[in-house]
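Chemist: Input: one structure, supplied below.
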Amino acid sequence: MQIDPETRSIGEVYSLMTHAIVLRPIAWVSTISHDGNLNLAPFSYFNGVCSKPAALSFSSVNRADGSKKDTVVNIEATRHFVVNAVSYTQAVKMHQTSAEFSADVSEFEEVGLTPVPSMRISPPRVAESPIQFECELLQIVPIGHGPFAANLVIGKIVLIHLAEDVLDSSGKIQPDRFGAIGRMGGLQYCKTDNRFDLPKVITPPMTKPQNL
């Protein structure tokens, strides 16, 4: 079976992509407007970009009327945002923040979460999140135009906060203590407690070309 995205509806393509590109980590992004209104929303088109500089990215899809989400509007205004990691214990509240609240409503207050000040940027962090990335905007890349187009937000990580209870004695993140979840298709999510290891791949030495 082959599918040409140009011949299918937006809904069909979205459903196919979100069921096939799994499991997706969740960026729970907190921002603040110029007027001081707090915003918190989850995005599952999210991943790391590189380690030097430390950077990550997430994609925010436009609304049906073509307008940008409040998260993107706030980042354009302040150039700051926090990506809060999501563990299983925050799953329900994270999901609740995906609702379309008006720009002057704080999702922190609506779902009962605790904003705590960041140290290097203006938006607050989610206190209940075990890992938080304070970020400064590097670039916003528009992908398409109008309804259901997207804005790819790329940020430089300026500070990382780690809860002590997700770390082992050497300071490394322990997956069982972290309890991260991932997004599947539709309304499905998954835990990350069913893992397996593979042996390290050893790259063979380069062979010198033979003289002709």
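The values are calculated or read from the model by the stated rules, or taken from the named source; none is laboratory data. All of these numbers come straight from a predicted model, not from anything done at the bench. Don't worry about glycine lacking a Cβ; one is built from the backbone with ideal geometry, like all the others, and counts go over all protein chains shown.
Chemist: I'd like the full set of residues that are in a loop (DSSP other than H, G, I, E, B) and on the phi < 0 side of the Ramachandran plot, limited to region 25-37.
Modeler: Once the filter is applied, which keeps residues that are in a loop (DSSP other than H, G, I, E, B) and on the phi < 0 side of the Ramachandran plot, region 25-37 yields P25, I26, S33, H34, D35, N37.
Chemist: Determine whether region 160-180 contains at least one residue that is within 17 Å of the chain's Cα centre (by Cα), of a type in the set (F, W, Y) and either surrounded by fewer than 14 Cβ atoms within 10 Å (Cβ to Cβ) or at pLDDT 95 or above (or both).
Modeler: There is at least one residue in region 160-180 that is within 17 Å of the chain's Cα centre (by Cα), of a type in the set (F, W, Y) and either surrounded by fewer than 14 Cβ atoms within 10 Å (Cβ to Cβ) or at pLDDT 95 or above (or both).
Chemist: Hey, another quick one. May I ask you to say which residue of V49, V22 is out of contact with any Pro (no Cβ under 9 Å at 6 or more places or on another chain), surrounded by 11 or more Cβ atoms within 10 Å (Cβ to Cβ) and farther than 21 Å from M94 by Cβ?
Modeler: V49
Chemist: Answer yes or no: is there a residue in region 186-202 that is closer than 20 Å to V82 by Cβ and outside any loop (DSSP other than H, G, I, E, B).
Modeler: No: zero hits.
Chemist: Right, next: Out of (1) surrounded by 13 or more Cβ atoms within 10 Å (Cβ to Cβ); (2) among the β-branched types (V, I, T); (3) free of Cβ contacts under 8 Å to residues at least 60 places away in the same chain, the odd one out for V141 is which?
Modeler: V141 satisfies every listed condition except (1).
Chemist: Might you check whether a residue that is over 17 Å from L137 (Cβ atoms), without any contact (Cβ under 8 Å) to a residue 60 or more places away in the chain and of a type outside the set (V, I, T) occurs anywhere in region 54-66?
Modeler: no
Chemist: Of all residues in region 1-24, which are within 20 Å of I181 (Cα to Cα) and β-branched (V, I, T)?
Modeler: Scanning region 1-24 gives T18, I21, V22.
Chemist: Considering only region 38-59, I want to know if a residue exists there that is among the polar types (S, T, N, Q), part of a strand (DSSP E or B), farther than 24 Å from V166 by Cβ and touching an Asp or Glu at 6+ places or on another chain (Cβ under 9 Å).
Modeler: Yes, the conditions are met somewhere in region 38-59.
Chemist: Can you work out which of the residues in region 63-122 that are in contact with a Pro (Cβ under 6 Å, 6 or more places away or on another chain) and part of a helix (DSSP H, G or I) is nearest to L187 (Cα to Cα)?
Modeler: Ranking the qualifying residues of region 63-122, first place goes to M94.
Chemist: Let me ask another. Being surrounded by 15 or more Cβ atoms within 10 Å (Cβ to Cβ) and among the hydroxyl-bearing types (S, T, Y) is the filter here, so list the residues in region 99-129 that pass it.
Modeler: S106, S118, S122, S129
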